[in-house]
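Asks: The structure follows.
The numbers here are math on the coordinates, done by the rules we state, and not lab data. This one's a predicted model, so the numbers in the text were calculated from it and none came from an experiment. Note that each Cβ is placed from the backbone with ideal geometry, even for glycine, and that neighbours are counted across all protein chains shown.
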Amino acid sequence: MTTEKINPRFAVLAIFMLAVAAMRIPNAAQLTPWANFTPIGAMGLFGGTYFTKQWKAILFPLLTLFASDLMIQAFIFNGKYGIMYSGWYWIYGIFIFITFIGKWLIKKVTVKNVLLAAVTASLTHWLLADFTVWGGGGTDLRTMLPLSRDWAGLQQCYIQGFPFMRNFLAGTLVYSGIMFGAFEWMKVKNTSLQLNAV
């Protein structure tokens, strides 16, 4: 009987993704001082960069996001919002787009490329996610009434979402620095982690 050898590069990438996804839980439980200081952006960029097969670059980060979302909904919010939060499919679509940003902008892992991708991913998340909030009838936090269905309402949605984008950007930069830096260092130390079609 033969057993298939586990690819060490894939195993390490998977462990990185799972470990960082688990870091979403303290943020969701408000154990950290910054709302939306999340590794989601870094997870998408990391997966898009290092998994060479496109389906793995999308599917594995998506599965880790899904698993951590289920845990957060079940154990942090005690099912208050059901199995998944409202509009989750939009966030997942944006997350898939972020994996493509990792694939497109980080052909070679350098500080400049990772910074550019992190900023692009954060701005993309802000613009698209807040547009869906406005489109879905989000609340104007000044009046606690629905946002107006015009340019002023969309502007207000982006303005009130800006602090969350700033924290999302900070989280993406910090977690990207840790993930990309650690994996690149490990690649130097262990040649089995070099590129071999995972």
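Asks: Can you tell me the length gained on complete extension of the stretch Thr124 to Leu70, counting 0.36 nm per residue apart and subtracting the Cα distance?
Replies: Between Thr124 and Leu70, full extension yields 17.0 nm more.
Asks: Could I ask something else about it? Cβ neighbours within 10 Å, averaged per peptide: list 62-73, 42-53 in order, most packed at the top.
Replies: Those peptides, ordered most packed to least, come out 42-53, 62-73.
Asks: Any chance you could check the Cα centroid distance between the range 174-197 and the range 42-113 for me, in angstrom?
Replies: 19 Å
Asks: Quick one: how many lysine pairs does the chain have with C-alpha atoms less than 27 Å apart and a gap of 8 or more or different chains? Give me the count, please.
Replies: Counting lysine pairs in the chain gives 26.
Asks: If we count other beta carbons within 10 Å of each Cβ, what is the order of Lys108, Lys56, fewest first?
Replies: Ranked by crowding around the Cβ, least crowded first: Lys108, Lys56.
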